[in-house]
Amino acid sequence: MCANVNGADLYYEVLGNDDAPAIISLHGGPGISDHEKGKQAFEPLTDEYCLVVYDHRGCGQSSLTPPYSNEQYARDAEGLREHLGLDVVVFIGGSYGGFIAQEYAIRYPEHLAGVILRDTAPSGEYDSRSVENARRRWPAMEASDLDVPTITWEEFERVMDGDVRSDEEFRRVFHGMAPLYAPSLDEFDAEAAREATETRSFHHETHNTMFTEAYPNMNYTDEPAERRRARPRYSRSSRLDHTPRSQRGDSGPASRRPVRRVRGERPLAEPRSTGGVSRVCPRVPRRDRLRVVRTVARGRVSPRRDRHWGRANEVRRRCPESPRGPRVVPGRRRSADVSTGPEGT
């Protein structure tokens, strides 16, 4: 079935009981993927839920109607929800569909019963890991007889950078990239990859637009804008299944500073060399205090004391403005200045 939503004809299917709680599946791969993968994966849920699967504009059987952006895809998801007369829904977003699910959650939280994210990330900062993983597996893939088209690294990079020249090139290169999606080359199913490639609809213009305009500027973290601007940006896609499962951690420049953060807040001051003494200003509210230099004893960080900086046995010093003046807990020897890295070593 098709619905005209925001000027585009969106192909969709509804499975299960219409009166049951609703789930909407958001597929990934703009210009590559469609609703079929979500339909196959989540159809068992239709015994208890109403499952809605559809193709984004510019994908699958939906119309090739610009604009293509995360914001527009989220508006389309909301328009389809209204068209179907659904109340609150659960969104399942996989890969690039996870980006759209996060966009929707920010824009329309009142219509959201829950969000399930799969193989995705809040931003593109981990994108380089996908490329590194692909480069590491590339020689073995080239040396194996996997019955897929032979492609060059430059062609792979053009796909990742959103610089595909035609639908035919898109289909051929994507088929050649298929082994990178397998857990290992030994588990790669060449016949299944061929069938999947033949049944897909490839739209290189949709892909190019999303990966040159939408994806590079996407960020759903709650970091301050000034820190986001300080991070390096990448234009390649993290949509591949060989992206690391763990998308946690701070890989930006701030992570290389020997600064201890409390509850994810930004440091109140830059680290200073104080010989293993932590500086705490009593005039700052308790919830905003944080240690800007790690407690160091004999050249090693004590994780326990570093985590519980408020204990009586912590080495600390009040601000000079404090009426009590500086204080150091007796019995603890100050260590020499030690340069600490991101892991406190």
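Taken together, the values in this text are just the output of simple stated rules run on the coordinates, not laboratory data. The structure presented is a predicted model; accordingly, all values stated were derived computationally and were not measured. With ideal geometry, Cβ positions are generated from the backbone for all residues, glycine too; neighbour counts draw on all protein chains shown.
In units of the rule-of-thumb radius 2.2 N^0.38 Å, segment 127-230 shows an alpha carbon radius of gyration of 1.23. Stretching ARG135 away from GLU168 to a fully extended chain increases their span by 9.5 nm, per 0.36 nm per residue minus the current alpha-carbon distance.
Rounded to the nearest 0.05, the FRET efficiency derived from the C-beta distance between SER184 and GLU13 at R0 = 56 Å is 0.95.
Please give the net charge around THR150, taking every other residue with its beta carbon less than 15 angstrom from that of THR150, where Lys and Arg add +1 and Asp and Glu add -1.
My count for the surroundings of THR150 gives -3.
Taking the Cβ of VAL5 as the center, what net charge do the other residues with Cβ under 13 Å away carry, scoring Lys and Arg +1 and Asp and Glu -1? So the environment of VAL5 carries a net charge of -2. Computed from the C-beta positions of GLU36 and ASN217 and an R0 of 41 Å, the FRET efficiency is 0.90 to the nearest 0.05.
The mean of 1/r over all pairs of different alpha-carbon atoms in segment 2-52, once inverted, gives a Kirkwood hydrodynamic radius of 11.8 Å. Rounded to the nearest 0.05, the FRET efficiency derived from the C-beta distance between GLN61 and ALA143 at R0 = 41 Å is 0.60.
For segment 2-118, the alpha-carbon coordinates run over 35, 28, 26 Å along the three principal axes, in decreasing order. Annotation note: trypsin sites (Lys or Arg not before Pro) in segment 155-203 located in DSSP loop regions with a Cβ neighbour count of at most 16 within 10 Å are ARG165.
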